[in-house]
Amino acid sequence: MYSPLTDLKNRIDLTHIPFTERGSRILVMKNGRGLIIRLAERWYKLTRSISAYRQRPPIVEEWVFVDASGNELETRLDSQPDRVVFHTNIGDFTLAFADPETLFLSLPETACGVRFRANMDLGQIDRRGGVLRVTGDIRRNLAYTTNRVIIENDLEMFNETGQQVTLMVQAGKGGMLVNLTPRLGFNRYIQSEDDVLTKARLRWEEWFSSVPPVLPEYHLQYLYAWWLMAAGIISTRFFTTREVLTPSKIHYVGVWQWDALFHALAYRHGHVRLAKDQLRILLDHQREDGMLPDAIHDEGTVTHLDFPIEADVTKPPLLAWTIWKIFETTGDREFLEETYEAVVRWITWWLRRNDRDGDGLCEYGHPFSSGLDDSPLWDGGMPVCSPDLNAYLVLQMQYLAKIAAEIGEAHDAINWNQRAAIMMGRIDEILWDEEAGLYLARKDGQPIRLKTPFSLFPLLVENSDKTKAEQLAKHIFNKETFWSKFPVPSVAVDETTFDPEQMWRGPTWVNVNYLLVEGLERSGFVEEARKLRRVTLKMLMRLPDFFEYYNPLTGQPGAKAAPIFGWSAAMFIDMALQETAETRIND
């Protein structure tokens with residue numbers, strides 16, 4: 001019988017793509033010395049470094065399988081989302097998740113064993129395995145357990161904070177559990193191999209059963225994208241109040257506002273509760289003044305930073321747009337009712353707190369609030385009045401008008417449409433540069449003469465000036481500036497600041513392309529939108545994984561780009577479904 005799991009055979013290679021599961025913090029990978037286990041956790045309050053977890057040693061490393069004589073076995077692996085099978089000359093070792101904190105390992109029926117190192121400072125063996133702990137400010141506990149007859153069970157310190165475990169078992173039936181948890185209690189109950197593997201398979205098959213089909217040419221990459229949308233989810237814990245997708249379970253542990261909105265656009269097609277929860281977690285932590293946090297981590301929220309400048313930090317306002325897209329897909333009017341007032345408070349914060357010069361337009365006060373952290377747009381300092389921000393605000397007012405009309409707030413609907421029209425007029429008056437044929441950002445009242453795709457974002461606004469929109473659309477397809485081999489670069493290729501490898505100073509970002517596709521459609525350039533969408537999908541089909549950003553000249557991921565990247569997968573899903581819907585209509 002067909003299963004999408006077989007279509008994903010060996011996509012999880014353990015070298016670049018980890019074995020993990022929805023809601024788990026456990027990442028199983030391999031290096032030249034065996035398997036390693038990392039934990040998707042961020043300990044900023046302890047380390048005082050935002051990205052310290054990327055350099056933290058694995059909690060378990062040098063995990064190898066051994067024969068009855070203790071000799072390390074050579075392995076060949078086969079993987080599916082629900083299991084990894086390590087083939088050896090004495091039989092197969094099969095790894096699966098018994099629960100989000102527990103790995104199950106089935107063992108060959110011959111005498112065999114495992115050996116691994118755990119970076120934990122306390123340990124004690126017992127008749128079924130052993131317990132290891134990390135003491136101090138961060139508590140992490142590991143229990144390993146077998147229901148086979150034990151031949152050897154050794155625990156040896158290899159340094160001041162590490163233990164080496166050797167576990168050898170007799171021939172027979174049974175397996176082994178490894179439970180990694182911050183909790184005081186352990187899971188040491190070993191289910192049968194059939195139960196564990198069957199339940200693991202059914203969990204994944206249920207996940208894929210809710211996924212709508214796409215055109216055959218997108219099928220395999222589409223399934224992988226949906227795998228990522230499950231595998232990247234972390235469990236609730238402390239400030240992480242909802243089940244949410246991390247931007248990259250390897251590289252970015254937490255919830256970032258902008259990413260959460262884009263993730264929701266994919267989830268709305270197959271897992272609606274998750275789509276809503278990506279937004280609800282932001283509203284759970286809305287400040288009293290209406291501002292939404294830049295990011296949310298287990299240990300708190302990010303609303304203020306002292307680097308590269310000191311200022312409040314958030315992300316661009318796209319919440320109302322996202323909520324309406326969920327409504328379009330689900331017809332769930334109650335979700336509009338649930339979120340309306342919070343969105344009003346959010347846009348009100350932008351309008352009241354961020355028009356510093358009183359000209360009717362808002363400015364970014366911190367580079368990171370733009371989502372474009374190191375863009376050359378900010379090289380001259382902050383604040384900056386940027387076309388993308390003000391286009392987002394107009395877009396949000398237009399969608400708030402739609403929401404208000406749907407929930408019976410007719411007066412609000414009229415008001416939001418009027419305010420949107422006034423602000424769009426100010427964008428045209430203040431930010432349009434006739435010579436460049438672009439909307440240009442301004443610093444201290446002076447234009448920043450730099451071509452970026454963010455000058456094109458007023459395309460998103462309904463009822464925008466058609467003459468100006470035509471000029472913006474032409475820029476996208478100009479081979480001298482934005483229509484690179486793998487468009488659209490985050491800085492035009494003919495600018496002196498263009499760097500194809502440096503985050504927002506040149507690379508192509510899938511969410512930018514997605515917004516430009518929508519902008520072209522909303523401005524009436526349907527064929528142009530289709531062209532950009534298809535080029536973007538083609539770029540994303542070239543590689544086995546989804547990355548944070550891509551070199552616009554080569555199509556390769558940036559050297560520092562995060563792998564298993566959420567919004568790239570999410571935008572692929574949404575655009576593949578758009579292509580599928582259009583093809584069916586035309587057929």
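For the stretch 510-545, residues that are within 19 Å of the chain's Cα centre (by Cα) and farther than 24 Å from Phe498 by Cβ total 4. The condition of being buried (at least 21 other Cβ atoms within 10 Å of the Cβ) and over 23 Å from Asp99 (Cα atoms) holds for Trp256.
Residues in the stretch 393-422 that are within 30 Å of Gly506 (Cβ to Cβ) and in contact with a Leu (Cβ under 6 Å, 6 or more places away or on another chain): Leu395 only. Those helices (runs of 4 or more DSSP H) of the stretch 1-89 in which 2 or more residues are assigned by TED's automatic domain parsing to the domain that holds Tyr144 and modelled with pLDDT under 95 occupy 44-47, 52-55.
Across the stretch 410-437, the qualifying residues are those that are more than 23 Å from Thr452 (Cβ to Cβ) and in contact with a helix residue (DSSP H, G or I) (Cβ under 6 Å, 6 or more places away or on another chain), and the one among them that is surrounded by the most Cβ atoms within 10 Å (Cβ to Cβ) is Trp416. Cβ-Cβ distances below 6 Å connect the following pairs, each with a first residue in the stretch 219-246 that is closer than 22 Å to Gln257 by Cβ, a second residue that is of a type in the set (Val, Ile, Thr) and part of a strand (DSSP E or B), and a separation of six or more residues or different chains: Phe239/Ile296; Glu243/Ile233; Val244/Val255; Leu245/Ile233; Thr246/Ile234. Those helices (runs of 4 or more DSSP H) of the stretch 187-269 in which at least 1 residues are closer than 30 Å to Ser369 by Cβ, considering only elements entirely within it, cover 219-231, 257-267. Of the residues examined, Gln164 is not one that is surrounded by fewer than 16 Cβ atoms within 10 Å (Cβ to Cβ) and in contact with a strand residue (DSSP E or B) (Cβ under 7 Å, 6 or more places away or on another chain). When only residues in the stretch 364-401 that are surrounded by fewer than 21 Cβ atoms within 10 Å (Cβ to Cβ) and among the charged types (D, E, K, R) count, which is nearest to Asp499 (Cα to Cα)? If we take residues in the stretch 364-401 being surrounded by fewer than 21 Cβ atoms within 10 Å (Cβ to Cβ) and among the charged types (D, E, K, R), then Asp374 is nearest to Asp499 (Cα to Cα). State yes or no: is Ala143 in contact with a helix residue (DSSP H, G or I) (Cβ under 6 Å, 6 or more places away or on another chain), of a type in the set (Gly, Ala, Ser) and either farther than 30 Å from Glu582 by Cα or surrounded by 15 or more Cβ atoms within 10 Å (Cβ to Cβ) (or both)? Answer is no for this residue. So for the stretch 99-108 (the condition being of a type in the set (A, V, I, L, M) and over 30 Å from Glu160 (Cα atoms)), does at least one residue qualify? Yes: one or more hits. For the stretch 446-469, the candidate set comprises residues that are at pLDDT 95 or above and either assigned to a loop (DSSP other than H, G, I, E, B) or not assigned by TED's automatic domain parsing to the domain that holds Gly371 (or both); within that set, the residue that is nearest to Asp359 (Cα to Cα) is Ile448.
The values are calculated or read from the model by the stated rules, or taken from the named source; none is laboratory data. Bear in mind the structure is a predicted one, so any value in this text is a computation, not a measurement. Cβ atoms come from the backbone with ideal geometry, glycine included; neighbour counts cover every protein chain shown.
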